[in-house]
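Visitor: One structure, pasted below without further comment.
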Amino acid sequence: MLKDPWVWAGGSLPPAVLVALGAIPGAWMRYVLVRLGSTRLRQRHWATWGVNMLACGLMGLLAGLQEHLRQPRQQSSQDTLELALAIGFLGSLSTYSSLMAELVSLWQGQRQGHALRLAAASLFGGLAACLVGLQLARSRG
Amino acid sequence: MKDVKTPRPAMALLWVALGAVPGALLRWVLANTLIANTLGCFVVGASGLLDSPSPRRTLLVGVGFAGSLTTFSTWVLQLVVHLQKGQWEALLSQILQDGAVGLVGILLGATLHRQRGRLSQRLLKR
């Protein structure tokens, strides 16, 4: 299903602006954290992994929070959260392409064991972080 | 001409933002995580980011555009939904299918990029 970014269903700001306003700090935060993490860890892929885990945890938290907002009168605040935070900020904070690029680089650099560990840590770590976030939001609700 | 200098921090953030906005908007308009992620992987391969790209291209295309076009958090949230509903087949097929398609996308892009490089070298030699 395609969405029309210029149809404004009401709310505080046009949806495309909300997505963009979330995306910029999300991408900046990923860039800065990966840069800082790469120098500390000396391995860029674990820095990317950490940022993805953070985004998964926050995504679970947000999804749990949104379950409380599923009442009609709070529709617009739910949309704002979804557009600016889930799609814009967390969507841009996390990355799939860098993970894939790092897996390919490790594999081609004869570090297959490392690549498999990174893939498993991303998958299971991401699921665990998201579930923890979700449970945290539900237990507070 | 290839730009090999690392941009200053403020410029680096500008390049990242310039890539991130269209990347996130495209992901939202597509409204399909698999397509957005695969497309982002293809872009990374096809723009030569697996080889030795200029710092500016890495920031604009890799960190900004493809980084924001693709998403790991939404992808994992979809897995969690399958997990909580006990949809094991959907869960497993999403992991295997999306993982494989992403890898194919990035490798296909990289192959195209390298072939284009070879082709232009051959043309330059003539």
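Laboratory data are not the source of any read-out in this text; all were calculated from the coordinates shown. Because the structure is predicted, anything quoted here is derived from the model rather than measured. Cβ atoms come from the backbone with ideal geometry, glycine included; neighbour counts cover every protein chain shown.
Visitor: Could you tell me the center-to-center distance, by alpha carbons, between region B:3-56 and region B:97-125 in angstrom?
Guide: 17
Visitor: Work out from phi, with θ = phi - 60° and the Karplus expression 6.51 cos²θ - 1.76 cosθ + 1.60, the ³J(HN,Hα) of each residue of region A:94-104, listed in order in whole Hz, and give x for Gly and Pro.
Guide: 8, 9, 9, 5, 5, 4, 5, 4, 5, 4, 5
Visitor: Efficiency by 1/(1 + (r/R0)^6): what FRET value for B:Ala10 and A:Arg40, r their Cβ-Cβ distance, R0 = 25 Å, to the nearest 0.05?
Guide: 0.60
Visitor: For each of A:Glu102, B:Glu89, count neighbouring Cβ atoms within 10 Å of the residue's Cβ, then give the residues from fewest to most.
Guide: Starting with the residue having the fewest Cβ neighbours, the order is B:Glu89, A:Glu102.
Visitor: Here's another thing I want to ask about it. How would chain B be classified by its alpha-carbon gyration tensor: rounded, prolate or oblate, with rounded meaning a/c under 1.5 and the a/b versus b/c comparison settling the rest?
Guide: Oblate shape, in that a/c is at least 1.5 and b/c is the bigger or equal ratio.
Visitor: Run a plain Debye calculation on the protein assembly as shown (Cα atoms as equal point scatterers, no solvent) and give log10 I(q)/I(0) at q = 0.10, 0.14 Å⁻¹, rounded to two decimals, same order as the q list.
Guide: Result of the Debye calculation: -0.50, -0.96.
Visitor: Still on this structure, please answer the following. Once you place label points 7 Å from the Cα toward the Cβ at A:Gln110 and A:Ala128, how far apart are they in nm?
Guide: Each label point is offset 7 Å from its Cα along the Cβ direction, giving 3.2 nm.
Visitor: Right, here's the next one. What residues qualify as long-range amide H neighbours of A:Tyr96, i.e. H under 5 Å apart, gap of 5 or more or another chain, H built at 1.01 Å from N?
Guide: The answer is B:Thr70, B:Thr71, B:Phe72.
Visitor: How would region B:57-126 be classified by its alpha-carbon gyration tensor: rounded, prolate or oblate, with rounded meaning a/c under 1.5 and the a/b versus b/c comparison settling the rest?
Guide: Taking the square roots of the gyration eigenvalues as a ≥ b ≥ c, region B:57-126 is oblate.
Visitor: A further question on this structure: Given the options B:Leu59, B:Leu91, B:Leu34, state which has the largest fluctuation in a GNM of chain B using a 10 Å cut-off (strictly under) for Cα springs.
Guide: Top of the fluctuation ranking is B:Leu91.
Visitor: Something else: What is the spin-label model distance, in nm, from A:Val17 to B:Arg118 if the labels are put 7 Å beyond Cα along the C-beta direction?
Guide: Simple spin-label model gives 5.1 nm for this pair.
Visitor: On to the next question. What is the fewest-to-most order of B:His113, A:His45 by other Cβ atoms lying within 10 Å of their Cβ?
Guide: B:His113, A:His45
Visitor: Might you report the magnitude of the Cβ-based charge dipole of chain B about its Cα centre, with Lys and Arg at +1 and Asp and Glu at -1, to the nearest 20 debye?
Guide: Magnitude of the dipole: close to 840 debye.
Visitor: Quick one: Karplus J couplings for region A:41-47, per residue in order, coefficients 6.51, -1.76, 1.60, θ = phi - 60°, nearest Hz, x for Gly and Pro?
Guide: With coefficients 6.51, -1.76 and 1.60, one gets 8, 6, 10, 4, 5, 6, 5 Hz.
Visitor: Based only on other Cβ atoms within 10 Å, what is the fewest-to-most ordering of A:Trp49, A:Trp107?
Guide: Sorted ascending by nearby Cβ count, the order is A:Trp107, A:Trp49.
Visitor: What average number of partner chain Cβ atoms lie no more than 10 Å from the Cβ of the residues making up A:54-61?
Guide: Neighbouring Cβ atoms belonging to other protein chains average 4 per residue here.
Visitor: Now, a different point. Compare B:Leu49, B:Leu77, B:Leu18 in a GNM of chain B, Cα atoms joined below 10 Å, and give the one with the largest fluctuation.
Guide: B:Leu77
Visitor: Let me ask something else. Name the trypsin sites (Lys or Arg not before Pro) in region A:15-45 that are in a loop by DSSP and that have at most 13 other C-beta atoms within 10 Å, would you?
Guide: Sites meeting the loop and neighbour criteria: A:Arg42.
Visitor: Moving to a separate point now. Over region A:11-55, what lengths in whole Å, largest first, do the semi-axes of the equivalent ellipsoid take, defined as the square roots of 5 times the eigenvalues of the alpha-carbon gyration tensor?
Guide: Three semi-axes, in Å: 29, 9, 6.
Visitor: In addition: Using the beta-carbon distance between B:Leu83 and B:Leu108 and R0 = 45 Å, what value does 1/(1 + (r/R0)^6) give for FRET efficiency, to the nearest 0.05?
Guide: E between B:Leu83 and B:Leu108, to the nearest 0.05, is 0.90.
Visitor: If you take the charge dipole of region A:26-141 about its Cα centre, with +1 on Lys and Arg Cβ and -1 on Asp and Glu Cβ, which of A:Gln43, A:Leu61, A:Leu131 is farthest toward its positive end?
Guide: Positive-most Cα among the choices belongs to A:Gln43.
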